[in-house]
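Report on the structure given below.
The values are calculated or read from the model by the stated rules, or taken from the named source; none is laboratory data. What you are looking at is a predicted structure, and each value in this text was computed from that prediction instead of being measured. Neighbour counts are summed over all protein chains in view; Cβ atoms, including those assigned to glycine, are modelled from backbone coordinates with ideal geometry.
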Amino acid sequence: MHELTERALVAASVDAVWADLTAADRLAQWIWPERFETTATVELFELGRWEVRSEVADLAVEAKILTFEAPVSLRLAWRWAGEEGSTDVEITLARTADAATRVTVRHAGFASEEERSSHVEGWSNCLQRLVDRYGGPPGEHL
């Protein structure tokens, strides 16, 4: 199995970034490009739904929350709509000395290097939108 790890430094508090991951309205604002007209559903409990959808882009993630520890970690069984299996996504948040938040995404369980590679760009783009949400620096993508 293949996995990836992507990181970003976000110029916002851990609590703010946690809300961006777990409040449906906030998640929908940044996870995908604005033109996707994204909607989201978050049921913050074990086996609750964590879903993002775009009718415009004909795209949806139908994840289940496996575990979480507010406001520092969220683990999801990640599944694209229409796919049989799922992969494992763990998002962790850590405070930094300058009051920013280091976001780490570990996505594991890809069947091939090609599948893994396609997700590297996706996560990189998503994290950059989160960095941009707070005005950029100190949020250089790491």
Of the residues in region 22-45, those that are crowded, with 17+ Cβ neighbours inside 10 Å, in contact (Cβ under 8 Å) with a residue 60 or more places away in the chain and polar (S, T, N, Q) come to none
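Residues checked against (1) assigned to a strand (DSSP E or B); (2) exposed (fewer than 13 other Cβ atoms within 10 Å of the Cβ); (3) among the charged types (D, E, K, R):
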residue: Ala12; (1), (2), (3): no, no, no
residue: Leu47; (1), (2), (3): no, yes, no
residue: Ala57; (1), (2), (3): no, no, no
residue: Glu84; (1), (2), (3): no, yes, yes
Condition check: surrounded by fewer than 16 Cβ atoms within 10 Å (Cβ to Cβ), over 17 Å from Ala8 (Cα atoms) and touching a residue at least 12 places away in the same chain (Cβ under 8 Å). Does Glu69 satisfy that? no
Give me the pairs, please: first residue somewhere in region 108-131 and surrounded by 12 or more Cβ atoms within 10 Å (Cβ to Cβ), second residue anywhere and part of a helix (DSSP H, G or I), beta-carbon distance under 8 Å, and either six or more positions apart or on two chains. Phe110/Arg116; Phe110/His119; Cys126/Trp30; Arg129/Trp30; Leu130/Val17; Leu130/Asp20; Leu130/Trp30
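Of everything in region 86-106, what is among the charged types (D, E, K, R) and either outside any strand (DSSP E or B) or farther than 13 Å from Val10 by Cβ (or both)? Give them in sequence order. Steps first, please.
Step one: of region 86-106, the residues among the charged types (D, E, K, R) are 88, 90, 95, 98, 102, 106.
Selection gives Asp88, Glu90, Asp98, Arg106.
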Is at least one residue of region 64-82 more than 16 Å from the chain's Cα centre (by Cα), within 20 Å of Asp20 (Cα to Cα), modelled with pLDDT of 95 or more and not small (Gly, Ala, Ser)? no
